[in-house]
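Written below as structure tokens is the structure these notes are about.
The values are calculated or read from the model by the stated rules, or taken from the named source; none is laboratory data. All of these numbers come straight from a predicted model, not from anything done at the bench. Because the Cβ atoms are built from the backbone with ideal geometry, glycine has one as well, and the counts that use them run over all protein chains shown. Areas reflect the complete protein model, heavy atoms only, side chains present, ligands, DNA and RNA absent. Shrake-Rupley method; radii C 1.70, N 1.55, O 1.52, S 1.80 Å.
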Amino acid sequence: MSSIQLYDTTLRDGSQKEGVSFSGVDKLNIARKLDELGIHFIEGGWPGSNPKDTEFFAKARSLTLTNAQICVFGSTRRPKTKTEEDTNFTTLVDAGVKIATLVGKSSDLQVTQVLETTLEENLNMITDSIKYLKAQGLTVFLDAEHFFDGFKTNPDYSLRCLTVAVEAGASCLVLCDTNGGTLPDEITLAIEAVKKVTAAPLGIHAHNDSGVALANTLAAVNAGVAQVQGTINGYGERCGNANLCSIIPTLKLKMGIDCVTDAQLAKLTEVSHYVSEAANLVPDASSPYVGGSAFSHKGGLHAAAITKWADAYQHIDPTQVGNQQRVVVSELSGRRNIIYKAKERGLDLPLQGKETQQLLEQIKLLESRGFQYDNAEASFDLLVQRAKPDYQSPFELIDFMVVIEKRRRQPTRKSLEEVLAEAMVKVKVGKEVMHTVAEGNGPVNALDQALRKALLQFYPSLAAVKLVDYKVRILEESIGTESQVRVLIESSDGVEEWRTVGSSTNLIEASWLALADSLEYWLLKHGASGNPPAKN
Ligand SMILES: [Zn+2]
């Protein structure tokens, strides 16, 4: 079967999911991950609609991607205006990418009821907008919004929207089931009709409101579309978009379509978890292919059967998608995964050996206490380093104390009270014990300030390190006893970013652990371990 091009819209449609807000750094990191996964097109956002997306395109210029091309998203020009006078088009061109995906209406009712213009004017809008971008040297994909709904009420008009787009120079016609109400057999029939009026490459963009976004996508592939749009974990508004984490392995492993390489497919689970962490959402354990429970067996008959025959209760080999078979009660779960992860980070762990064994035990223990290393590779690296007998930490934490005080201020219009935090830390560097105090606008900020105050005296270059993101999650699994709190910190020195994790029943301690890991990781990487420079 011919190859399929994968188009990801996690950064635009996916971020429409309730409660999801990706930071600028998150968006760039997700783009890198999508590239590693072998995605062909990454929709970066709609710069006309929000400043964060404009910023993304500015920063994306320095991204080096191996597989993917970044696309900018926008809408056809407004009714009764000139394209060159529509400021949205300037922002599309200014995004500095080579591909623009334009959403245009392709349903008669949407044009008359929502756009409140004539059917003819909508055709002109499609034509003018595509021609304008083509003249600026861009490749244009048309997202034919509400195509399948329009095809039911006025098929001739919906098809006409597509043919004018092809005449104007669109390179791909992406048929959208915007409301997610279409069923697979209707998708097939509509695509057959489209193929009678144009030979242009087609795409599918399905929403999951009827729970059949994946089925609709596969039906469209069988009917001959060349481009498949979706999001990681199916994130998207309402019930979400077609889930690339299900589409990709299904195409490759079950339909024989080589849309990504074997090595790229093996990154699927990691990318899925990465994006859920960035969205600050708990990964869905029962997610097909990538969920933590997708290949888990909870004791009993199934577990016994799989020890005789690994495939007895699974539809694929989980390692193909980077997941693992897991017997929930097994003592050995995770071990190969840890070794695999260490290898991936360029750290060689032998399967045997006392230190490796101890490290594995420790990771298991820490994971049971809420630490999670999927998205905190810097903390993982540190664990491995610390397992070496000759490891010397650039600093040692001895103690910390935080005082939080709520002070009544002079009455002002806004607030009568302010919260002040003061942190005291004791840190050992070499033979010297430092004792510093700092204030902050909150306990974590105060700790950060106090720790830096101590370390900067030995490591002035540490001043380059900044915290860029801070995420807190209360782990539900421990409800009933004391809740475990996990803190993920992302840091940057202006050149690279790294992530660390801390977990505790206490938010401040969890933050402290993640914070200390962040600084220790940077110091190790920049050769500060062992011999601290002379105090100046
Ligand atoms: Zn959509």
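Tabulated data
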quantity	calculated
Cα long-axis angle, helix 268-278 against the chain (0 to 90 degrees, to the nearest 10)	70 degrees
Residue-level accessible surface for D156, protein heavy atoms, 1.4 Å, Å²	120 Å²
Net lengthening on full extension, Y470/Q16 (0.36 nm per residue, minus Cα-Cα)	161.3 nm
For region 1-118: rounded, prolate or oblate by the Cα gyration tensor [a/c cutoff 1.5]	prolate
Cβ-derived FRET efficiency at R0 45 Å, L65 paired with V419, nearest 0.05	0.55
Gyration tensor verdict on region 168-252 (Cα atoms; rounded if a/c is under 1.5, prolate if a/b is larger than b/c, oblate otherwise)	prolate
Filter on K17/K134; K267/K466; K406/K428; K98/K131; K152/K252 - keep pairs with C-alpha separation over 24 Å	K17/K134; K267/K466; K406/K428; K152/K252
Dipole axis of the chain (+1 Lys, Arg; -1 Asp, Glu on Cβ), positive-most option in Y7, W512, A312	W512
Ordering of 68-81, 382-395 by packing [mean C-beta count within 10 Å, highest first]	68-81, 382-395
Lysines whose Cα lies under 24 Å from that of K308, excluding same-chain neighbours fewer than 8 positions away	K298
Förster radius 51 Å - calculated FRET efficiency between Q136 and L183, Cβ distance, rounded to 0.05	0.85
Between helix 51-60 and the chain: long-axis angle, C-alpha atoms, 0 to 90°, nearest 10	80 degrees
Lysines with Cα under 17 Å of K354, excluding same-chain neighbours fewer than 8 positions away	K364, K388
Cross-link partners of K105 among aspartates and glutamates (Cα-Cα below 13 Å; sequence separation of 8 or more within a chain)	E116, E120, E121, D143, E145, D149, D177
Potential lengthening between K428 and K254 on full extension [0.36 nm per residue; Cα-Cα distance subtracted]	57.0 nm
Label-point gap, in nm, between T81 and N50 - each point 7 angstrom along Cα→Cβ	2.1 nm
Cα shape, region 86-228, gyration tensor, a/c 1.5 rule	prolate
